[in-house]
Amino acid sequence: VLSSLPLQMMLYFNVYYFPVWCLAEGMMLQLKYHLLPRHYQFLLVAAFLILSLAEGSRLYLGYIGNLQEK
């Protein structure tokens with residue numbers, strides 16, 4: 001079984017676009033944070049952190065798994 005070249009290319013580009021997404025999303029969060037009620041502020045920060053951690057781990061595991069043919 002060989003590693004998938006299209007998957008590796010998508011992961012490669014996603015690794016470079018993920019920090020751009022994080023920066024843009026963080027800037028938008030900062031701009032609208034003070035306009036929201038407290039419970040929405042908490043939910044928005046929690047969702048941002050969960051999505052960032054999940055995407056980072058997905059990219060790492062996909063990158064390593066594809067290169068090691070697992």
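The values are calculated or read from the model by the stated rules, or taken from the named source; none is laboratory data. Just so it is clear, the structure is predicted and the values come from calculations on it, not from any experiment. Here the Cβ is made from the backbone with ideal geometry for all residues, glycine too, and neighbour counts use every protein chain on show. Ligands, DNA and RNA are excluded from the accessible area calculation, which covers all protein heavy atoms including side chains. Shrake-Rupley method; radii C 1.70, N 1.55, O 1.52, S 1.80 Å.
With all protein chains in place and a 1.4 Å probe, the accessible surface of the chain carries 74 percent carbon and sulfur.
Accessible surface calculations at 1.4 Å, restricted to protein heavy atoms, place segment 7-69 at 79 Å² per residue.
Across the chain, Cα pairs under 8 Å and at least six residues apart give a relative contact order of 71 percent. Summing Lys and Arg as +1 and Asp and Glu as -1 over all other residues whose Cβ lies under 15 Å from the Cβ of Pro19 gives a net charge of -1.
To the nearest ten degrees, helix 38-67 and the longest principal axis of the Cα atoms of the chain are 10 degrees apart. Relative to the longest principal axis of the Cα atoms of the chain, helix 5-33 runs at roughly 10 degrees. Label zone (Val15, point 7 Å along Cα-to-C-beta; backbone nitrogen cut-off 16 Å) within segment 36-70: 55-70.
By the helix-only formula, in which each DSSP H run with n ≥ 4 contributes -39500 (n - 2.57) and the sum is divided by residues, the chain has a 222 nm mean residue ellipticity of -30500 deg cm²/dmol.
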